Amino acid sequence: MSASQSAVRSRAEAVQVSRTFDWMILFTLFTAVLGGYHIHYMLTGGDWDFWTDWKDRRLWVTVAPIVSITFPAAVQACLWWRYRLPVGATLSVVALMIGEWINRYMNFWGWTYFPVNICFPSNLLPGAIVLDVVLMLGNSMTLTAVIGGLAYGLLFYPGNWPVIAPLHVPVEYNGMMMTLADLQGYHYVRTGTPEYIRMVEKGTLRTFGKDVAPVSAFFSGFVSIIIYFLWHFFGRWFAKTDFIADDAS
Amino acid sequence: MKIIKDKVAKLSFVALLVAMATAMFYAPAASAHGEKSQAAFMRMRTIHWFDLNWSKEEVAVNETMTISGKFLVFAGWPETVDKPEVSFLNVGIPGPVFIRAGSWIGGQLVPRSVSLELGEVYEFKVLLKARRPGDWHVHSMMNVQGGGPIIGPGKWVTVTGSMSQFVNPVTTLTGQTINLENYALDNVYFWHAVWFAIAFAWLLFWIKRPLFVPRHIAVSTGKADSLISAGDKKVGMLFGVGTMVIVAASMASTNEKYPVTTPLQAGLLRGMKTYQMPESTVSVKVDDATYRVPGRAMQMTLTVTNNGDSAIRLGEFNTAGVRFLDPAVHEDDTNYPDDLLAEEGLTVSDNSPLAPGETRTIEVTASDAAWEVYRLADLIYDPDSRFAGLLFFWDANGNRQLVTVDAPLIPTFI
């Protein structure tokens, strides 16, 4: 067979090869995103995502969406503009959360015995699904950044509230009031994570009283818009094929 | 020659594989905390732990034990370490093998960070509840913001039983008694499973159809719009709206189920109650201090003045948790860890009772393998080669006085 001849001999064979190729690419993309996104999120979101006593109504709400909208935006850029596939955000977040669950279960619980109910990952899936849907319906990076990015920030706290609310029930402990999440952090000793490292409930949003979470979520949404633009461009740049000879794009 | 080279290369590769495979079979548990690796000056000149007591050496799962004692926040705190203005009383254990059921400084519960004053002594207690069986090195520890963990002496404690029997009952302010060990775990799994199911459904809807090659060809040939059908958009709308409805409904139902919730609690506790040691009537001046590397011994020349009304003798030198005792004056009865106790490690040139009003210059030698074992000898490589520690003097009635010393240390290598 010469180089100019086709590798397949029929349409059925071509379809079969194409599907095999699909699964190979999907598997590779999935594991690459899982690894890269996981490292990125652990380095930037880190303890806010590790521990329940970091999941507060100000900083966790603000930080987690901002630092996690990155890979979804970049993968969307590649999959949408190259293949019209509106799954970039969901695929990224599913990969991240599978990686996180493996890590939390195998390492945090399996190796160091932290109960899973103190170290489960944040839920980023509702925002990711909406991000994909907005891109598909709008076919616009700007619209996805503005509407989808804002929604990504806004949906984060309510999307996680059913999971963390039971841990925000108050308890009186030796004369002090704290939440069950605080008590988890106190009980389950983290030698390398002293209490003062915790960045929770810090900030100046004091005039909003107890309703600070929606304000934090809006702020997070606004910054997520900017981060979306930035990483969407990263994704587009990385999805270029200039390095392939004779490629028009 | 080439054959020999090839053989060497092949054998080297095989040896490397064998070494790696062997290494995999030897993975001992990390049961201590690298306390010996911490810079010696950090351990000698920051927090001085003394009068330590571990209430038990063996506990069953669910049983409790305490570490109690005192610590002096050294007045000569090194310039290279941030002051303990934000500190946290911790314990050095390999993960949550115990839970910290309580910790107190001066009788005040300290689940949060505290501010400590230089030169003050504090009394502390940590209540631990055994959770995981094994032999664990249990340390007192103070984390200092900007300074890092300052680990105190450690003692081996054996936990017996089974971790599956461990329970952590807590009664909330809403009157519910829960087991914090697995509380709300089903809820965590449930909601994550729900969202994973929705996300997988969305992914499956797209990846069940031909993906990369045909879609790329379509996009490249200007037929991208044909790839998203009206049906696709309807399904997308369904997922988008459905997601928002589920989020809103689950939040509302959660608020109904948990009407009383509070924010995480945080803050710094100031004004911790200090422990008043008896006023010292002994003054000590360090004339010189040397560390003899080959002999693993530190020698100090001290000028001691007794300004009290009873004769005193030097019985102990304590630095970095290592206690050097003169058994003629003081013997340990607290079951202090053997490796940190030099029961006959303190030699004094003239340790006869120092009468009231008398001043005497004495040669004090603190010698023990602990200098090497605990890497305190590495002090000579520190950026600020000063030593520090606590001297304890006793009178005939057993009354104790504490004096701190802090001076340059000169190493001698011959």
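The values are calculated or read from the model by the stated rules, or taken from the named source; none is laboratory data. Bear in mind the structure is a predicted one, so any value in this text is a computation, not a measurement. As a convention, Cβ positions derive from the backbone with ideal geometry for all residues, glycine included, and neighbour counts pool all protein chains shown. We work out accessible area using only protein heavy atoms, side chains counted, and drop any ligands, DNA or RNA first. Shrake-Rupley method; radii C 1.70, N 1.55, O 1.52, S 1.80 Å.
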Just checking, how many residues over the stretch A:6-44 are touching a residue at least 60 places away in the same chain (Cβ under 8 Å) and touching a helix residue (DSSP H, G or I) at 6+ places or on another chain (Cβ under 7 Å)? 5
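Among the strands (runs of 3 or more DSSP E) lying completely within the stretch B:54-121, list those that include at least 2 residues that are buried (at least 21 other Cβ atoms within 10 Å of the Cβ). First the steps, then the outcome.
On the way: elements: B:58-60, B:64-73, B:87-92, B:98-105.
Per the criteria, B:64-73, B:87-92, B:98-105.
Quick check: anything in the stretch A:77-90 within 12 Å of another protein chain (Cβ to nearest Cβ), of a type in the set (G, A, S) and either open to solvent by less than 40 Å² (accessible area, probe 1.4 Å) or touching a residue at least 60 places away in the same chain (Cβ under 8 Å) (or both)? Please lay out each step first, then the result.
To start, the set of residues in the stretch A:77-90 that are within 12 Å of another protein chain (Cβ to nearest Cβ) comprises A:78-90.
Pick out the ones that are also of a type in the set (G, A, S) and you get A:88-89.
This time we only want the ones that are either open to solvent by less than 40 Å² (accessible area, probe 1.4 Å) or touching a residue at least 60 places away in the same chain (Cβ under 8 Å) (or both), so: A:88-89.
Scanning the stretch A:77-90, I find at least one residue that is within 12 Å of another protein chain (Cβ to nearest Cβ), of a type in the set (G, A, S) and either open to solvent by less than 40 Å² (accessible area, probe 1.4 Å) or touching a residue at least 60 places away in the same chain (Cβ under 8 Å) (or both), so the answer is yes.
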Condition check: more than 11 Å from chain A (Cβ to nearest Cβ), under 24 Å from B:T46 (Cα atoms) and touching a Gly at 6+ places or on another chain (Cβ under 9 Å). Does B:A320 satisfy that? yes
Going residue by residue through the stretch B:396-405, is there one that turns out to be open to solvent by less than 30 Å² (accessible area, probe 1.4 Å) and within 23 Å of B:R292 (Cβ to Cβ)? yes
Meets criteria (within 12 Å of another protein chain (Cβ to nearest Cβ) and open to solvent by less than 40 Å² (accessible area, probe 1.4 Å)) for A:R11: no
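Please tell me if A:N174 is open to solvent by 10 Å² or more (accessible area, probe 1.4 Å), at positive phi and facing chain B (nearest Cβ under 7 Å).
Considered against the rule, which asks whether it is open to solvent by 10 Å² or more (accessible area, probe 1.4 Å), at positive phi and facing chain B (nearest Cβ under 7 Å), A:N174 comes out as yes.
Considering B:V304, B:V284, B:V241, B:V293, which residue is touching a helix residue (DSSP H, G or I) at 6+ places or on another chain (Cβ under 7 Å) and either of a type outside the set (D, E, K, R) or within 14 Å of chain A (Cβ to nearest Cβ) (or both)? It would help to see each step written out before you state the result.
Values: B:V304 fails: touching a helix residue (DSSP H, G or I) at 6+ places or on another chain (Cβ under 7 Å); B:V284 fails: touching a helix residue (DSSP H, G or I) at 6+ places or on another chain (Cβ under 7 Å); B:V241 fails: touching a helix residue (DSSP H, G or I) at 6+ places or on another chain (Cβ under 7 Å).
None of the others qualify; the one that does is B:V293.
How many residues does the stretch B:92-106 hold that are at pLDDT 95 or above and within 12 Å of chain A (Cβ to nearest Cβ)? Lay out the reasoning, then the answer.
The first filter runs over the stretch B:92-106 and keeps only residues at pLDDT 95 or above, leaving B:96-106.
If we keep only those that are within 12 Å of chain A (Cβ to nearest Cβ) too, we end up with B:96-104.
Going through the stretch B:92-106 one residue at a time, the tally reaches 9.
Looking at B:A377, B:A355, B:A396, B:A342, which is the one that is touching a Pro at 6+ places or on another chain (Cβ under 9 Å), among the hydrophobic types (A, V, I, L, M, F, W, C) and at pLDDT 85 or above?
On the way: B:A377 fails: at pLDDT 85 or above; B:A355 fails: touching a Pro at 6+ places or on another chain (Cβ under 9 Å); B:A342 fails: touching a Pro at 6+ places or on another chain (Cβ under 9 Å).
Criteria check complete, one pass: B:A396.
Just the residues that are assigned to a helix (DSSP H, G or I) and more than 7 Å from chain A (Cβ to nearest Cβ), please, taken from the stretch B:209-218.
The initial filter retains those residues of the stretch B:209-218 that are assigned to a helix (DSSP H, G or I), namely B:212-218.
Within the stretch B:209-218, B:I217, B:A218 qualify.
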Within the stretch B:199-208, does at least one residue satisfy the condition of being more than 7 Å from chain A (Cβ to nearest Cβ), of a type in the set (K, R) and more than 29 Å from A:G175 (Cα to Cα)? yes
Which residues, taken from the stretch B:167-196, are more than 8 Å from chain A (Cβ to nearest Cβ) and on the phi > 0 side of the Ramachandran plot? B:G175
Would you pick out the residues in the stretch A:119-141 that are surrounded by fewer than 23 Cβ atoms within 10 Å (Cβ to Cβ) and free of Cβ contacts under 8 Å to residues at least 60 places away in the same chain? A:L137, A:G138, A:N139, A:S140
Out of the stretch B:148-185, which residues are in a loop (DSSP other than H, G, I, E, B), touching a residue at least 60 places away in the same chain (Cβ under 8 Å), open to solvent by 20 Å² or more (accessible area, probe 1.4 Å) and not polar (S, T, N, Q)? B:G161, B:V167, B:L173
For A:A165, which of the numbered conditions (1) farther than 25 Å from B:R100 by Cα; (2) aliphatic (A, V, I, L, M); (3) within 7 Å of another protein chain (Cβ to nearest Cβ); (4) in contact with a Phe, Trp or Tyr (Cβ under 8 Å, 6 or more places away or on another chain) fails to hold? (1)
Failed criterion for A:L85 (all others in (1) in a helix (DSSP H, G or I); (2) modelled with pLDDT of 95 or more; (3) not hydroxyl-bearing (S, T, Y) hold): (1)
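From A:T44, A:T28, which residue is of a type in the set (S, T, Y) and within 14 Å of chain B (Cβ to nearest Cβ)? Before the answer, list the steps.
On the way: A:T44 fails: within 14 Å of chain B (Cβ to nearest Cβ).
Result: A:T28 is the single residue among A:T44, A:T28 that is of a type in the set (S, T, Y) and within 14 Å of chain B (Cβ to nearest Cβ).
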